[in-house]
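Colleague: Take this structure, written in structure tokens, and hold onto it; I'll ask about it next.
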Amino acid sequence: MAARLPGVSEARRALAAGEQSAVALVDQALARAEAVDGELHCFLQLRPEAAREEAAASDARRAAGSLRGPLDGIPVALKDNIVQAGEPAGCASRILDGYHSPFDASVVERLKAAGAVILGRTNMDEFAMGSSTENSALGPTRNPWQLERAPGGSSGGSAGAVAAGIVPAALGSDTGGSIRQPAAFCGVVGLKPTYGRVSRLGLVAFASSLDQIGPLAHTAEDCALLLDAISGHDPRDSTSIPEPPTCAAGNLVSDLSGRVVGLPREYFVEEGMDPGILGCVRAAVAELEAAGAKTREVSLPHTRYAVAAYYLIATAEASSNLARFDGSRYGRRAEGVHTLTEMYERSRSEGFGAEVKRRILLGTYVLSAGYYDAYYRKAQQVRTLLRRDFEAAFEGCDVIATPTTPEPAFPLGAKSSDPVTMYLSDIFTVSANLAGLPGISLPCGEVEGLPVGLQLLGRPLDDVPLLGVADAFQRRTRHHLAVPEEAAG
Amino acid sequence: MSRAHPDYEVVIGLEVHCQLRTRSKLFSSAAVSYGDPPNHHTTPVCLALPGALPVLNAEAVELAVRAGLAANCSIQPHSVFARKNYFYPDLPKGYQISQWEEPLCLAGWLDIQVGEAAPRRIGITRIHMEEDAGKSLHDQSATETHVDLNRAGVPLVEIVSEPDLRSPEEAGAYLRKLRAILRTVGASDADMEKGQLRCDANISLRRHGEKQLGTRTELKNLNSFRFVEQALHAEIERQAELLDEGGEVQQATLGYDSARDRSFVMRTKENADDYRYFPDPDLIPLVISQQRIEEIRASLPELPEARCARFQREYGLAARDAGLLSESRALAKLFEGAVRATPGGDLAKSIAKWLLRDVVAALKERDATLEDARLTGQALAELVAMVEAGRVTANNAHRLVPELLFEGGDPEALVRERGLAALSDEASLAPLVDEVLAANPEAVASYAGGDKKSLNFLMGQVMKRSQGKADPAKVREILARKLGG
């Protein structure tokens, strides 16, 4: 079986040392995909020819001494909701059948400008709605650690592809935990940057005020390399923060002395929590203390309203964002329709999956006359309270540590019949989106052979210090070096 | 106030959509154009492609602020774009970006005047920014509807009046006033024929003296000044008939069929849309500093209102003349140019009369505007001065107006070339009078017999013989003397 690809930093070293060419890296990635992805289904599309061409161009730049940056020649995968010119942008939905984007997402432009090689597109829950990648219209992705388990979601394909060693890194999107939760389930690092840090231009919107693109990779250092490449102000996204790109790689401060780690008491509860997870996270916190950090308990009193507020706001925005998929201009139009209403109803009925329909209905209801105040407006008020919770907590600490998920990867099918149980698996991740904070999940142990995620949350724009804490942890531990056996060959 | 109906008080409020005069669309770089091939001016934003994001056009914001200031509104330092959600093929995103709970402009007013009635102040509730929809073309195929998205995303302001208008004529006057100020401040070309100004009207009736408003109907898409007034008259009649018969007006949205001069029901309240407005999460609140608002205010040209007051004050014009002159910026400019070119004497009132009577008539005759004209203030001032000085008769000056207006030229030279200089000296006129008296002995006789009207006949003969150049006052004087009066 084809060998696993190295991480970004190791691949960089190998390229720089001339031990491997970019073309060889792509070939290895394609061979690896060939070997393992039939079973895993992380990828919806691979671009063998285009990726080889891009890699060859990178090798030529390297030979000419005109490299574009640290990512030059590194293969990267894109979640299927990040558009690339000339490529399909399906969002794992039937309604976008046959649609090819005429333009590049801002992050794709920036990856190309950095010399990265785009390997292909990864599976996801349809329109990023889900926590297991089972809502993909093209079939679920399997967790490389245990094939009968879900990889998490919605960026399950990206997390799985990195975990299975098909690519060194991938981009995902995180609306309520969609990068961090699959990262935790698959034993990789996933960063959701501060809202507005990375341009959303070219990210197919699920919930615009919550969506954020971020990297998945094996280490905080690798994530830093990607964040440096994709972050920075973009005037074409009105919600983009006017800040230059980060300059994190090589500058991560791994000395934690004097840093205070806050432990929110609302996140360390026994009820509904796998005890193994709690044990791993407590051990990880002890490791941070050993690295010099102080810890203290903090409180985020409105946490219990977060999931409800999240599902009101996210579905409200989604009901409007997905209105453009109406069968009239692109994508799927139902056959044999005779009236306008029939075209809308049948195209959307046939094109959207059950979870997407459920959320559109819920969001439509939430915004309806007579319900707006009780639901949408109230949820926005909760959002303000949550933001204030964090502001208050960060007065007493620099970073907040929590479990990423209350349990490890669940079996495929275990929750698909009960949406509310599925929604509750986002309980530790949604608050960062509602408050716009940066959050990262990194491997911190195993429970019954399944990876466990430690979540770190930072102040807005503290993406780089957050990566520093994660890097400090990884320098002292070996959890991120564990690889799934089944796919290890 | 003129009464629109003997038994009922008419209550009208207008919602006017006005296209801002920008180069590109409200949230995309696509050009704003008129009459180009379908879907020629579209970007991923206009087409609502997956992943496209709106970016607010700063030029549109400035023009909307100008419109708001011109309408005496309070400009809000913080306003919010919201999504108005509904499905239609010419609305690519499935929502229109508009403003809802927090519009850009609040609480303005315009003064209007109908005929000789006293001016009335009409409240403006709000002005908000929004994007236009595309166009559905139903005439391209027997079985399909085609969609043209050139107009999708074109910037508009919606100007909502208070229900302060009391007749269709007032509605017309309000619209004309609105158009004038929007043009003056450069916010819009406000050309109704090109759909740059579109009007919806809310109308209800109540018995005179009643406090409670009646049930209203909304008349949609009144796309000419004439239709606005016609449609309102027709709707007043319809509602009055209903109420006279003891019936009730149903709240409804109506269209107006101009060919049959009748309104028709488009939808009733029961199936009213729920637009599910909420703040657009792709856009941040629109924040404008007080300093910026003041900069824009300082850059505004003089508004018709202020100009009208100034014309009365500075030039002693009657309110009506001042009002008419100040409504069009070009007319006002020509007027002031002429007044300034007047050497010494105070000819402002005469210049105003000549402009409003002869120049406006000549323009109307050719269906032209002052933009097409070549008449300068200097030339107009000279012409009027010559008339006042008796150097050319009013009649001959009147004949020269169209030529001066459309060809340009110097009135002095023109009068000289054409030999139109007025004859007012005794030496030139006396022989003419003698000739006429000799040729019309009967008239002379009947004058002597006491028929004083014969003098007018004889005057006419002298004028004719002088080819209109004779100064009538002088002719009368000589005639009277020679007839021994």
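Colleague: With the condition kept exactly as written, say whether any residue in region A:243-252 is farther than 30 Å from A:A114 by Cβ and touching a Ser or Thr at 6+ places or on another chain (Cβ under 9 Å). Before the answer, list the steps.
Modeller: To start, the set of residues in region A:243-252 that are farther than 30 Å from A:A114 by Cβ comprises none.
No; the residues of region A:243-252 include none that is farther than 30 Å from A:A114 by Cβ and touching a Ser or Thr at 6+ places or on another chain (Cβ under 9 Å).
Colleague: Also, I was wondering about something else. From the list A:T405, A:T421, A:T364, A:T429, which residue is under 20 Å from A:G177 (Cα atoms), out of contact with any Leu (no Cβ under 9 Å at 6 or more places or on another chain) and surrounded by fewer than 22 Cβ atoms within 10 Å (Cβ to Cβ)?
Modeller: Values: A:T405 fails: surrounded by fewer than 22 Cβ atoms within 10 Å (Cβ to Cβ); A:T364 fails: under 20 Å from A:G177 (Cα atoms); A:T429 fails: surrounded by fewer than 22 Cβ atoms within 10 Å (Cβ to Cβ).
Result of the check over A:T405, A:T421, A:T364, A:T429: A:T421.
Colleague: Which ones in region B:30-77 are among the polar types (S, T, N, Q) and closer than 30 Å to A:D104 by Cβ?
Modeller: Within region B:30-77, B:S33, B:N39, B:T42, B:T43, B:N57 qualify.
Colleague: Find the residue count for region A:312-337, including only residues that are more than 9 Å from chain B (Cβ to nearest Cβ), at negative phi and not in a helix (DSSP H, G or I). Explain how you work it out, then say what you get.
Modeller: Here is the first cut: in region A:312-337, the ones more than 9 Å from chain B (Cβ to nearest Cβ) are A:312, A:314-315, A:318, A:327, A:332-337.
From what is left, the residues that are at negative phi are A:312, A:314-315, A:318, A:332-335, A:337.
Then keep just the ones that are not in a helix (DSSP H, G or I); that gives A:332-335, A:337.
Here the count works out to 5.
Colleague: Moving on. Tell me yes or no: at least one residue of region B:286-309 is of a type in the set (A, V, I, L, M, F, W, C), closer than 30 Å to B:Q99 by Cβ, touching a Phe, Trp or Tyr at 6+ places or on another chain (Cβ under 8 Å) and assigned by TED's automatic domain parsing to the domain that holds B:D189. Before the answer, list the steps.
Modeller: As a first pass, look at region B:286-309 and keep what is of a type in the set (A, V, I, L, M, F, W, C): B:286-288, B:293, B:296, B:298, B:300, B:303, B:306, B:308-309.
Cutting the leftovers down to closer than 30 Å to B:Q99 by Cβ gives us B:286-288, B:293, B:296, B:298, B:300, B:303, B:306.
Filter once more, so that each one left must be touching a Phe, Trp or Tyr at 6+ places or on another chain (Cβ under 8 Å): B:286.
Next, from what is left, pick out any that are assigned by TED's automatic domain parsing to the domain that holds B:D189: B:286.
Looking for residues that are of a type in the set (A, V, I, L, M, F, W, C), closer than 30 Å to B:Q99 by Cβ, touching a Phe, Trp or Tyr at 6+ places or on another chain (Cβ under 8 Å) and assigned by TED's automatic domain parsing to the domain that holds B:D189, one finds at least one in region B:286-309, hence yes.
To keep it simple, each residue is scored yes or no on (1) in contact with a Ser or Thr (Cβ under 7 Å, 6 or more places away or on another chain); (2) farther than 23 Å from B:L47 by Cβ; (3) within 11 Å of chain B (Cβ to nearest Cβ); (4) among the β-branched types (V, I, T).
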residue	(1), (2), (3), (4)
A:E355	no, yes, no, no
A:R359	yes, yes, no, no
A:Y375	no, yes, yes, no
A:Q381	no, yes, no, no
A:F390	no, yes, no, no
A:F394	no, yes, no, no
A:C397	no, yes, no, no
A:I400	no, yes, no, yes
A:A414	no, yes, no, no
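Colleague: Could you list, ordered by first residue, the pairs with Cβ atoms under 8 Å in which the first is in region B:161-178 and among the charged types (D, E, K, R) and the second is in a helix (DSSP H, G or I) and crowded, with 22+ Cβ neighbours inside 10 Å, at least 6 apart or interchain?
Modeller: B:K177/B:P304
Colleague: State all residues of region A:24-43 that are within 22 Å of A:G90 (Cα to Cα) and in contact with a helix residue (DSSP H, G or I) (Cβ under 7 Å, 6 or more places away or on another chain); if no residue qualifies, say none.
Modeller: Kept after step one, since they are within 22 Å of A:G90 (Cα to Cα), are these residues of region A:24-43: A:30, A:33-34, A:37-43.
Answer for region A:24-43, where residues must be within 22 Å of A:G90 (Cα to Cα) and in contact with a helix residue (DSSP H, G or I) (Cβ under 7 Å, 6 or more places away or on another chain): A:L30, A:L40, A:C42, A:F43.
Colleague: Looking only at residues that are of a type in the set (V, I, T) and assigned to a loop (DSSP other than H, G, I, E, B) in region B:275-292, which one is nearest to the other protein chains (Cβ to nearest Cβ)? Quick ask: steps written out before the conclusion?
Modeller: Quick first cut of region B:275-292, residues of a type in the set (V, I, T) only: B:284, B:287-288.
When the remaining residues are screened for being assigned to a loop (DSSP other than H, G, I, E, B), the result is B:284, B:288.
Numbers: B:I284: 5, B:I288: 15 Å.
The residue in question is B:I284.
Colleague: Across region B:447-479, what is the total count of residues that are touching a Leu at 6+ places or on another chain (Cβ under 7 Å) and assigned to a helix (DSSP H, G or I)?
Modeller: Step one: filter region B:447-479 for residues touching a Leu at 6+ places or on another chain (Cβ under 7 Å), giving B:447, B:455, B:458-459, B:462, B:465-466, B:469-471, B:474-475, B:478-479.
Then drop every residue that is not assigned to a helix (DSSP H, G or I), which leaves B:447, B:455, B:458-459, B:462, B:465, B:474-475, B:478-479.
Within region B:447-479, residues that are touching a Leu at 6+ places or on another chain (Cβ under 7 Å) and assigned to a helix (DSSP H, G or I) number 10.
Colleague: Further, regarding this structure: Report, by residue number, each residue of region A:153-205 that is within 14 Å of chain B (Cβ to nearest Cβ) and assigned to a strand (DSSP E or B).
Modeller: At the first step, the residues of region A:153-205 found to be within 14 Å of chain B (Cβ to nearest Cβ) are A:171, A:173, A:175, A:195-196, A:198-205.
Listed by number, the residues that qualify are A:L171, A:S173, A:V198, A:L203.
Colleague: Report yes if some residue within region A:79-95 is buried (at least 23 other Cβ atoms within 10 Å of the Cβ), more than 14 Å from chain B (Cβ to nearest Cβ) and more than 25 Å from A:D426 (Cβ to Cβ); otherwise report no.
Modeller: Just the residues of region A:79-95 that are buried (at least 23 other Cβ atoms within 10 Å of the Cβ), to begin with: A:79-84, A:89-93, A:95.
Within this subset, residues satisfying the condition of being more than 14 Å from chain B (Cβ to nearest Cβ) are none.
No, region A:79-95 contains no residue that is buried (at least 23 other Cβ atoms within 10 Å of the Cβ), more than 14 Å from chain B (Cβ to nearest Cβ) and more than 25 Å from A:D426 (Cβ to Cβ).
Colleague: Another question, if that's okay. Kindly indicate the residue of region B:55-68 that is surrounded by fewer than 24 Cβ atoms within 10 Å (Cβ to Cβ) and part of a helix (DSSP H, G or I) and also farthest from the other protein chains (Cβ to nearest Cβ) among those meeting that condition.
Modeller: Filtering region B:55-68 for residues that are surrounded by fewer than 24 Cβ atoms within 10 Å (Cβ to Cβ) and part of a helix (DSSP H, G or I), the one farthest from the other protein chains (Cβ to nearest Cβ) comes out as B:E62.
Colleague: Give the residues of region B:32-54 that are within 11 Å of chain A (Cβ to nearest Cβ) and either within 13 Å of B:V157 (Cβ to Cβ) or touching a residue at least 60 places away in the same chain (Cβ under 8 Å) (or both), sorted by residue number.
Modeller: First, the residues of region B:32-54 that are within 11 Å of chain A (Cβ to nearest Cβ): B:39, B:42-54.
If the condition is that a residue be within 11 Å of chain A (Cβ to nearest Cβ) and either within 13 Å of B:V157 (Cβ to Cβ) or touching a residue at least 60 places away in the same chain (Cβ under 8 Å) (or both), then B:N39, B:T42, B:V45, B:C46, B:L47, B:L53, B:P54 are the ones that fit.
Colleague: Kindly list the number of the only condition in (1) of a type outside the set (A, V, I, L, M); (2) free of Cβ contacts under 8 Å to residues at least 60 places away in the same chain; (3) closer than 20 Å to A:D463 by Cα; (4) within 14 Å of chain B (Cβ to nearest Cβ) that fails for A:G258.
Modeller: (4)
Colleague: Find the strands (runs of 3 or more DSSP E) located wholly in region B:132-195 whose residues include 1 or more that are within 14 Å of chain A (Cβ to nearest Cβ) and in contact with a Phe, Trp or Tyr (Cβ under 6 Å, 6 or more places away or on another chain), and list them. If you could, list the steps in order and put the result at the bottom.
Modeller: Details: elements: B:135-137, B:146-148, B:155-161.
Once the strands (runs of 3 or more DSSP E) in region B:132-195 are filtered for at least 1 residues that are within 14 Å of chain A (Cβ to nearest Cβ) and in contact with a Phe, Trp or Tyr (Cβ under 6 Å, 6 or more places away or on another chain), nothing remains.
The values are calculated or read from the model by the stated rules, or taken from the named source; none is laboratory data. Just so we're clear, the structure is a prediction, and the values are computed from it rather than from any experiment. Here Cβ is always computed from backbone atoms with ideal geometry, including for glycine, and neighbour counts include all displayed protein chains.
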